[in-house]
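Down below is the structure, laid out as structure tokens.
What follows draws every value from the coordinates through simple rules; no lab data is involved. Keep in mind it's a predicted model, so treat the numbers as computed, not measured. Please note: Cβ atoms are built from the backbone with ideal geometry, for glycine as well, and neighbour counts cover all protein chains shown.
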Amino acid sequence: MSLTDANLVLHVSNFSVDYGYADEAIRAVTDVSFSLGRSRVLGVAGESGSGKSTLVYGLTRLLRAPGVITAGDVRLRLSGAREGEIIDLLAATEDDLRAIRWSEISIVMQSALNALNPLHKIGKEFDEVLRVHDGRLSKSQRRQRAEELLALVGLQPDRLQRYPHELSGGQRQRVMIALALALRPQLVIMDEPTTALDVVTQREIVSELHELRERLGFALIFITHDLSLLVELADEIMVMYAGRIVERAPALDLYRAPRHPYTLGLMESFPPLSGERVAMTGIPGSPPNLKTPPAGCPFHPRCAYAHDRCRNEMPPLNDIEDGGRSVACWLHDPASPVEVPVSLSRRGDTTPGGVK
Amino acid sequence: MTTRGDIVLDARHLSRTFTARREKGFFKKKYGQRAVDDVSVTLRAGEVLAIVGESGSGKSVLARMLARIVPPTSGELWLNESQIDLSARRGIDYARHVQLVLQDPFAAINPVRGIRHTLERPLLIHGANKGDVVERSRDVLASVSLTPPDDYLERYPHELSGGQLQRVNIARGLAVNPSVLLADEPISMLDVSVRLGVLNLLRELCDTHLLAMMYITHDIASARYIADETAVMYAGQVVERARGTAIMDAPVHPYTQLLINSVPNPDHLARRDSGASEAKASGFNLDGCRFSPRCPQAMDICHGNQPPEFDLGGGHTSRCWLSATDEQRTAVSIATR
Amino acid sequence: MKSLRIPRSPKVIVGLIILGIFVVLTVIGPWIAPYDPNANTFIPNLTPSWEHWFGTTTLGQDVLSQLLVGCRVTMVVGFIAGLVATLISIAVGLAAGYMGGRTDEGLSLLANVFLAIPGLPLLIVINSYLPAGSQANPLVVGLVIALTGWAWGARVLRAQTMSLRDRDFVEASRIIGEKRWRIMWSEIGPNLLPIIAASLLFTILYAVGVYSTLAFLGLTNVSTWNWGTMMYWAQSNNAALANEWWWLAPPGVAIALVGTSLALINFGIDEFINPRLRAAGLSARQRRRVGLARRPRLGFTPVLRQSTVDPKKVS
Amino acid sequence: MASNSIDEKGNHGVTTLLRRLAIYLFTAWTTITVNFVLPRLMPGDPIQQLIGKLQGRVTPEMIAAIKAQFGQGLNQSMWTQYVHYLTQLLHGDLGVSITLSSPVSDVLSSQIWWTVGLIGVGAVVSFFIGTALGVFFGWTRGSRADVVIPAATFLQSVPYYFLGTILIMIFAATLHWFPLMGAYDPTLSPEWSWTYIASVLRYGELPLASIVLSSLAGWMLGMRNMMVTTMSEDFVLMAVAKGLSRRRVMWHAARNAVLPSVANLALTIGLLVSGSLLVEQIFNYPGVGNLLVNAVGNEDYPLLQGIFLLITFTVLGANFLADALYYVLDPRTRTAAVH
């Protein structure tokens, strides 16, 4: 329930979020638990409406009205001067939160153009966070620091004099990443930071992110709908569907040997860039409407292996095998009347590229 | 009687330059000012030609020129072996033969009109009998697997999911039985899990109706999945093209190679050199090879001379000096000196 | 057009009720007026009483009767001017916004000129040159008001049309071969309805205000009863100095109420056009009911340790 | 060689500003032309009627001057008259006021400062207070402070002349807190003395308050809407995520939200001036508004026209200043975007 392991940065248990109040409320995130180790990368995959963004905005208490956190416990281990202290994010006061924001947790939003104040030069964005959180820095020190940060993401120092609209999409997103690292936070959250960019730019930014993380050692929560991208980037991946975690596994294990039919379906939704061309099916149907979620497992209407129990009972997220994997699927219940298909029972150490 | 492989739409040397445009109010035009520069494409019955490119590569402008809603600055357009008079206004007849399906289904369907209106309009415009219209709307909905059609006909766009809307969007394009279907990034706005369904639908429509189809995308893997022929565009030009999967399996042009290496691919987890720096990431060259400022293999010749399309055999071409013979390069060097 | 539903907030309902009352009074006002508004046979300066609900004027006239009779002229001029101005602005805004190019340049210039010239002084100048007979004619005055009041709506509609013109569904209509006028009318038009409605409300508001102002200045025929002329007579008889509030208040409050009702209805339209304005907030009572200690603040998502969602729905 | 986009529009912000200037100049010319055409084209020939009425009441020279100004009885082509009219305007000659028997330009230059002072100060004060209130009520949306919204809506709908009259009735006639009317103590004569200036300020309080009160609600409601809209932008949430103080976050939002208000400034100045002209009528305050109403009543067409031109030009000038302010405040108008 708490953050006993000193190597953990964040511990989340039974976290739930609603949108709206009373009769109009819908359940956007249900019963999410996970923990994140120092310098680890956690990938969150899911389609629009799966609750992945709601989850992280909720954790950081940044979710806008009418979002309401309805259950859970979120603990963050502080670093730096407050090393060893543990803060309960859901019980924290506004002042507590303000003190740890950006210095301990920073966030990169999907659209850098919208996230940067259009009236501020880039330099001012850096100057502001540095000044607010560290009053000891002089103006020239802040400027020097800003230039270092830009250099870190491969941008020229003269970009500080530019306005956001004068930069290209890739440059803006780099600025956002540099800004997020400005105070050396131990946790950085990135919400689809590369979705709006071209693949080539995405590749450049993702590579940079790798280097930066190895160099600076921050923990990262990376959200995207692109599972392949996550497999490259993340240590561990959570797949979300209809507000719940349906599968959680180390990245390569998830890729080589998915256990949830939805994860498998997602993978088979990306045609491969090599090998034989074969017909693929994707996932039939469409994601559920959260206002009227189906009874039982929310995925059952689209699932080829659904049986009676799936239609009536919500499967819990259970640990399976060893190696820290868990899946929420009745298929893997010992009492399942349906035999687990080969595609969902492969061993995790099979050669890469086995999923075709 | 059309047979598979017949040339339906043939575009030769199409170019489009956008001259300086006056700012109108606070609204910007949707596609940028970059030109399409001397692009030739051939669409064949029952085949899919994929155009792959980044945003701003000119692929959408190309599609709009083929649909004749953006007039080309120069070039020729042949439909069913007769030349189209590009100086004339696009007639209703051309619209019946060539249809364009737009990218974003949420934007491409009028939010305040019902699905029925959206499907009936093309039929009525193109002279369908008022009595038949409902029946034909049902048929076309069924052909994009929205069944039973009556469940959809009376609904409004906000009541449908993205995947369903995109099917309606495609159905509208199909309603008049066109011979050419141009699909502009038809899956990029959709949820990941429904993308393949739409791709499969397009392929199936292409095969059953012997449609000549152009599939525009920034996702080269989806092009590999669906296309009979693929062309890669960069800065308004086709830099490489090939039939089948040759482009993905053995890319020749450095840009194509960069594109393919950039696609997230867990099967090749070896760290790729990002080489990310601004100098490489921006700009294109108007005098020489457009890609030369970013190209890791650029030679002197590339900066001052535009490469032509070099034929590599089997319909595979590459617009790159690397594909030229030594004699060809020498000839150009001498000529420019 | 199901999706064009204006939110039915209490504001909109109150606005519709108030406006409805005045519309009814416009129709029946002169018939239910207890006295002849011109009759100056009553005791002057009576405070409100059962005989004279709103009292009498210094001239011995019944204020209620003037108010009821004046309602019709004021409202009719306001609505006619508002309607005509809105029609002009639809035509100009749609044509300029959709056609673009020269048409747009010309029409926009025209609208910009009318926007920049201060309306009331222009109106006063035009009005003063009108023959005496026309000045007295509310219809003529209404049309002149419409002439000075269309440009704002045209500008807003033009901007909106331009943003719609570049939207994919309009392009899709062009692709299937739809004719230009049909795209404007059948595809773009329905999407403009909320803005047209807002523009209509504003021009009516403007017209009622301007017409009563002209009347207050004595620039219309002062023997035609409307709410402006009532204020004109009150002002010229120094009602304010004599503290005759019952004479001043009815016309002023009536205009303010009409204006408020239009503005309240417009709140609903605003929230429809711009969903961000929709009340995300809860009243204090609703908050207590769902168990929130205080108003949700930006960046501090409230924590409510019990879900409000029916557990059966989530199973 | 390498360039980001084929056609760079480097300084289109300045171009936009110059375009606005061109529109205002065109509007000024239109106004002048309307002023020229209206009396000549109106049915019933109002000028002929005026001259008829004036016979015997004013000097023959004046009648001749009016005839010349409005082209009566001269066998000149319209074009010649028009050129003559423009030439006179360029020399600052607006004709002679019939009722005051002095050049219109003199009359106006002696009265304009009252109007500019009162309305100008009123406009600026109400813009700042209204905007500040709008920021506050936008920021606290959803709290109890929301109750002011219906009240402000009502206040916004109150016709100005009614508000002014009621203010006089309550605060001047009944409570005697303020002087009843006029611009200064009638026992004083205009001079640069402290007593006189103090009297002007004292007499200006209530009219100023009425202007501020009547236009405040409009600014406030508009600003509140913009504030609410802006607060749902990502960069405001970013400001919170960066751990900035509430004041600083509010400033981020307010600075952006004020832009549409400034953009609207130009549109609203005309309305504001129109409404405020009444202030002089109601408070019996000197100034062009008062002159305007009197000119209409007396059919003093030369004066009427002069006032109209003056007001229009002032409004156009203010519009241009507002546009320039917007240009200064929003960097996006100054530099082209890279796309």
What is the set of long-range amide H partners of A:Val108 at a cut-off below 5 Å, with H atoms built 1.01 Å from backbone N? A:Ile189, A:Met190, A:Asp191
Rounded, prolate or oblate for chain B? Axes are the square roots of the Cα gyration tensor eigenvalues, ordered a ≥ b ≥ c, and the cut-off for rounded is a/c under 1.5. prolate
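If a/c stays under 1.5 just call it rounded; otherwise compare a/b with b/c (prolate if a/b is bigger, oblate if not). Do that for region A:55-193, with a ≥ b ≥ c from the square roots of the Cα gyration tensor eigenvalues.
Working: a/c = 2.27, a/b = 1.46, b/c = 1.55.
Oblate, since a/c reaches 1.5 and b/c is not below a/b.
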Helix A:139-152 axis, angle to chain A major axis (alpha carbon atoms, nearest 10°): 40 degrees
Where in chain B is the longest stretch that carries no GluC sites (Glu not before Pro) classed as loop by DSSP and with at most 12 other Cβ atoms within 10 Å? B:155-337
Ignoring GluC sites (Glu not before Pro) that are buried or in helix or strand per DSSP, and keeping those with at most 16 other beta carbon atoms within 10 Å, what is the longest stretch of chain A between them? A:86-275
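Taking R0 as 30 Å, what FRET efficiency do you get between B:Glu76 and B:Asn129 from their Cβ-Cβ distance, rounded to the nearest 0.05?
In this case the efficiency is close to 0.25.
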Measure nothing fancy, just the Cα-based angle from helix B:162-174's long axis to the longest principal axis of chain B, in degrees from 0 to 90, nearest 10. 90 degrees
Share of pairwise Cα separations in the protein assembly as shown, more than 52 Å, in percent: 38 percent
Rounded to whole Å, give me the distance from the Cα center of region A:11-34 to that of region C:39-71. 64 Å
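Output the antiparallel fraction of DSSP beta bridges having both residues in the protein assembly as shown, as a percent to the nearest 5.
The antiparallel proportion sits near 60 percent.
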Tilt, helix A:122-133 to longest principal axis of chain A (alpha-carbon atoms), in degrees rounded to tens, equals 90 degrees
Candidate aspartates and glutamates - alpha carbon under 15 Å from A:Lys291, same-chain residues fewer than 8 apart omitted: A:Asp18, A:Asp23, A:Glu24, B:Glu159, C:Asp310
Using a basic spin-label model with each label point 7 Å from the Cα along Cα→Cβ, how many nm lie between C:Met99 and D:Leu267? 2.3 nm
For peptide C:131-143, what's the mean number of Cβ atoms from other chains within 10 Å of each residue's Cβ? 1
When Cβ neighbours within 10 Å are restricted to other protein chains, what is their mean count per residue of peptide A:179-185? 1
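How crowded by other chains is D:146-159, given as the mean number of beta carbons from other chains within 10 Å of each beta carbon? Display every interim value, and only then the final one.
Details: counts 4, 0, 0, 3, 7, 1, 1, 11, 7, 3, 5, 14, 8, 15.
Mean inter-chain Cβ contacts per residue within 10 Å come to 6.
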Going by a ≥ b ≥ c, the root eigenvalues of the Cα gyration tensor, does region A:239-318 fall in the rounded group (a/c under 1.5), the prolate group (a/b larger than b/c) or the oblate group? prolate
Given labels modelled 7 Å from the Cα in the Cβ direction, how far is it in nm from B:His97 to A:Val340? 5.8 nm
Past the 22 Å Cα-Cα mark, which pairs from A:Lys124/D:Lys242; B:Lys130/C:Lys179; A:Lys52/A:Lys124? A:Lys52/A:Lys124
Can you give me the C-alpha center-to-center distance between region D:220-253 and region D:88-150, rounded to a whole angstrom? 30 Å
Using Cβ counts within 10 Å as a stand-in for footprinting exposure, how do B:Ser333, A:Ser228 rank, fewest first? B:Ser333, A:Ser228
